[in-house]
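This report refers to the structure that appears directly beneath it.
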Amino acid sequence: MKLTLSSVYRPHSFPKLLNCSSFGILGRPFCSSALSSSPTCVKPQVPLFLRPPIYSTKLCDLKKWHDWAKGVSLSIGSTFVQSDNGADSNMLCRELKWLMEDAVEDHSLGMEDDDRVKMRIDIEELYCLWTQRVQERRPFQYVVGCEHWRDLVLSVQEGVLIPRPETELVVDFVSDVVSENEDLRSGVWADLGTGSGALAIGICGVLGSEGGRVIATDLSPVAVAVATYNVQRYCLQDKIDLREGSWFEPLKDMEGKLAGLVSNPPYIPSEDISGLQAEVGRHEPRLALDGGIEGMDALHHLCVGAALMLKPGGFFAFETNGEQQCCALVDYIKSRSGRSFCNLEIRADFAGIQRFVIGFHQ
Amino acid sequence: MTCLLRKSLRTKALSPFLHKLVGNSSESHHTLASTCWFWCHQSSHSLPQKTNPCFSSNSIPSSRFSNALLQIRFWVSEAAATEPSTSDGLTVQKILANNWNILDENDGDWKSHAAAVAQSINLIKRRLQWEKLKVRLDMLSFQLGKEDLWDDPVRAGKISREHGSLLGKMKEVNALEQELLEHIDMIKLAREENDADLESESLKVLLNMRRDAKEKELEALLAGEQDSCSCYIEVQAGAGGTESMDWASMVMQMYKSWAQRRGYKVTLMDEMPGEIAGIKRATIKVDGEFAFGYVKAEIGVHRLVRISPFDSNKRRHTSFAAVAVIPILGDGSTHVQINESDLRIERFRAGGPGGQHANTTDSAVRIVHIPTGVTATCQNERSQHQNKASAMAVLQSRLDQLEMARQAKFNAQHTESLTDITWGSQIRSYVLHPYRMVKDLRTNYEVSDPDSVLEGDLDGFILSYLSASLDKEDDA
């Protein structure tokens, strides 16, 4: 399944090696198109807050835009909540505040209406962006080009799954495990289907500078490009090894050697895809969401691979769709390779939904 | 309706517009000019070991007043035991007893300056509760001298910190006193020798001292143990629906503006908006030196009387908002130990299957401390991790405060700032109709321009309350 999907997402002209110049911070013209479902270029976009403040606008014009955007947001009420559990007016207003935070360079007091405010984006573009956010339901994180995740600010763009707050907990699990096991801390970890690189970078952080490396894989070249950008922004090139390919394929050299394995694989059952919240269904990559008929294709594949790739005592943590998948996955592991794993556990997220399956290799 | 709403927002000039929108996240942190500055400044002169502390110019040969300096040195060494005095036996108490006329600053009369400084010193001593301070310091010195002190390192650290801080305060006041007498000597000497330059120079120094001492009076108001801490301010709307929720947001805005004027950094931690307007509850963090010392004067219930913009019949309404203030104890303080296993962490607004299904920027977190039932919520940060960290910080401060309140039962000195806020403890009335006035019910301090108060001009209220509450303690 992975391979068939990959032909849709793999652009023909993708350069195998990303050269450094593609990561220049300066001067990338802003791409205002809401959807870039066919990325012909995998040059990662620079998040809004990192762009140079080369624009300026009068404070009164900015205020006019803000009032307009606020009005648009307030008019939404709870429409999106009712239709597909989307954002309500309050949430949109908070996002608006964050957009301002990212777009405006100078927040100093004592400015007059006619004073010019330094901006990282043209005021016209701000109108476009907010229309996209509200009318097209473009995810806020794509609008500003970043997601705040744990203590990180990660670049994201169309074609890459926006890391979810739930997934932050996986890093906590790893942190707990390595805090009492020096062997695992100094070992090699793998994050499969890394997307923006969130888990890989988060885990690298808890392993510490003396700790081991992380190998991160993803099938999508856009994801690999964005993850590479994020890894470089946190100066972790020496610690995180990004490999393009499906699940374990790029990890052939690591058989039986991994200290840990984590993944937030696609786990939504195919039939649920069409009913997803608009921000997700219309804008985020299906490759990162669709887990096959039961939603468990990738999870099964990961469990089988984990038995092969983990070294004795190695740790794994996978995110799932919820209680049903957690239980099914534990049963699957027990029946297929019961003796390979021990201390299997189901962990809940902060909303109380059983979200993760964790365990150790024998 | 929108028109009414807009009116009720009372948005001031546009200058703070960006600030309000972006939550001041990028604002740099300045310390308060009239507080921190003063203590630091003070140490730059007036210390007895400095030979020539008052003159920056070299034009005066030092031999000319070596005589006076010798005398000064003499009493400096004795200072601990006897009351400092000038060469002819003048002390601060005697200056006060002389009842010299205190003239305007511009009148270059040394007696007037000296009397003003002496008066300030007297006030500062009273505010610091000088006699109690001396007893406490002796007690702490005794504790520090004990051999088994470091058997309990936490307690030892606390004692040595308090000792250091009290000693510092005492030394500063003593130094101020000595400096005053030093310059009186200097002026007398200059007069004897008919040295106009020296006299005017000393006069200038006395005038500066007079201004400094005035600021130090303010500083002495903030001598409490937690006064220098940053703090959280929480505002909660009373009963009465939209009108009181609007009032709560006006109160919160008043504190935001006050804090910004003071140069404090303001961060919104948590906000529960009302359905139509205003807030049900909100928490902000005010970062900066002496934030708690000032804001603690605001604890209590604030009452508003006005024609409600939300009432189509234009009737007069009375609304209430409760204000709570929690100090954020510094690293040096002892915090309540929180057991991870005592916590329940919740997504505040969970709905649907979550995970990959949902793209939400709402990552609010609520933490419940199960043994005490104390909760903390944060929703202002952009990641769940950060919301959790901020909520933990709020929870820590709440539990610390709870512990302090518990201890305060054994230590009556602290109860003043820790009054439990009930709807009965009304502290201030804001009347917009039928007349216009803001009146503090504790001090009777009043202002006839409610707009300026609501725009953050609170210093008058705060300072009058702080001095009144210290005077009260004094009488007791």
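The values are calculated or read from the model by the stated rules, or taken from the named source; none is laboratory data. Here the structure is a predicted model, which means the values were calculated and not measured. We place every Cβ from the backbone using ideal geometry, glycine too, and count neighbours over all the protein chains shown.
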### Query
Does B:Ile233 count as assigned to a strand (DSSP E or B) and in contact with a Phe, Trp or Tyr (Cβ under 7 Å, 6 or more places away or on another chain)?
yes
#### Entry: Selected residue [within 14 Å of another protein chain (Cβ to nearest Cβ) and either part of a strand (DSSP E or B) or in contact with a helix residue (DSSP H, G or I) (Cβ under 6 Å, 6 or more places away or on another chain) (or both)] from B:Lys285, B:Lys280
B:Lys280
### Task
Assess whether A:Ile268 counts as being closer than 29 Å to A:Gly212 by Cα and touching a residue at least 24 places away in the same chain (Cβ under 8 Å).
no
### Task
Go through region A:155-251 and tell me which helices (runs of 4 or more DSSP H), entirely inside it, have 2 or more residues that are surrounded by 23 or more Cβ atoms within 10 Å (Cβ to Cβ), at pLDDT 95 or above and in the same structural domain as A:Glu345 (by TED's automatic domain parsing).
A:168-179, A:198-207, A:221-233
### Message
Please determine whether any residue of region B:311-324 is among the acidic types (Asp, Glu), within 23 Å of B:Leu402 (Cβ to Cβ) and surrounded by fewer than 24 Cβ atoms within 10 Å (Cβ to Cβ).
### Response
no
### Task
State all residues of region B:236-252 that are part of a helix (DSSP H, G or I) and either modelled with pLDDT under 85 or among the polar types (S, T, N, Q) (or both); if no residue qualifies, say none.
B:Thr242, B:Ser244, B:Ser249
### Query
Within region A:64-75, restricting attention to residues that are surrounded by fewer than 17 Cβ atoms within 10 Å (Cβ to Cβ) and either at the interface with chain B (Cβ under 7 Å from one of its Cβ atoms) or of a type outside the set (Gly, Ala, Ser) (or both), which residue is farthest from A:Glu147 (Cα to Cα)?
A:Lys64
### Message
Suppose we filter A:Gly256, A:Gly295, A:Gly314 for residues that are crowded, with 23+ Cβ neighbours inside 10 Å, more than 17 Å from the chain's Cα centre (by Cα) and part of a loop (DSSP other than H, G, I, E, B); which single one remains?
### Response
A:Gly295
### Task
Quick one: in region A:266-282, of everything that is more than 8 Å from chain B (Cβ to nearest Cβ) and assigned to a helix (DSSP H, G or I), which residue is surrounded by the fewest Cβ atoms within 10 Å (Cβ to Cβ)?
A:Ser274
### Task
Among the residues of region B:340-358, count how many are at the interface with chain A (Cβ under 8 Å from one of its Cβ atoms) and not polar (S, T, N, Q).
11
### Summary
Picking from B:Ser244, B:Ser249, B:Ser257, B:Ser230, the residue that is among the small types (Gly, Ala, Ser) and within 13 Å of chain A (Cβ to nearest Cβ) would be B:Ser257
### Query
For region A:329-344, does any single residue satisfy the condition of being closer than 22 Å to A:Leu219 by Cβ and either modelled with pLDDT of 95 or more or assigned to a helix (DSSP H, G or I) (or both)?
yes
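One line per residue, one yes/no per condition, for (1) of a type outside the set (Gly, Ala, Ser); (2) in contact with a Phe, Trp or Tyr (Cβ under 9 Å, 6 or more places away or on another chain):
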| site | (1), (2) |
| --- | --- |
| A:Pro250 | yes, no |
| A:Asp253 | yes, no |
| A:Leu261 | yes, yes |
| A:Pro266 | yes, no |
| A:Glu271 | yes, no |
| A:Leu276 | yes, no |
| A:Glu284 | yes, yes |
| A:Ala288 | no, no |
### Message
I'd like the residue in region A:337-362 that is small (Gly, Ala, Ser) and more than 14 Å from chain B (Cβ to nearest Cβ) and, out of all such residues, is surrounded by the most Cβ atoms within 10 Å (Cβ to Cβ).
### Response
A:Gly359
### Residues satisfying the stated conditions in region A:292-338, i.e. closer than 14 Å to A:Pro266 by Cα and of a type in the set (S, T, N, Q)
A:Thr320, A:Asn321, A:Gln325
### Message
I'm trying to understand the selection: among the residues of region A:89-125, which are more than 9 Å from chain B (Cβ to nearest Cβ), out of contact with any strand residue (DSSP E or B) (no Cβ under 8 Å at 6 or more places or on another chain) and farther than 14 Å from A:Gly71 by Cα?
### Response
A:Leu99, A:Glu124, A:Glu125
### Task
Considering only region A:197-215, state which residues are within 13 Å of A:Arg233 (Cα to Cα) and among the hydrophobic types (A, V, I, L, M, F, W, C).
A:Ala198, A:Ile201
### Message
Is it the case, given these coordinates, that B:Arg210 is touching a His at 6+ places or on another chain (Cβ under 7 Å), charged (D, E, K, R) and either surrounded by fewer than 22 Cβ atoms within 10 Å (Cβ to Cβ) or assigned to a loop (DSSP other than H, G, I, E, B) (or both)?
### Response
yes
### Query
What is the one condition in (1) out of contact with any strand residue (DSSP E or B) (no Cβ under 9 Å at 6 or more places or on another chain); (2) at pLDDT 95 or above that A:Leu308 does not satisfy?
(2)
### Query
Mind checking whether some residue in region B:161-179 is assigned to a loop (DSSP other than H, G, I, E, B) and surrounded by 14 or more Cβ atoms within 10 Å (Cβ to Cβ)?
no
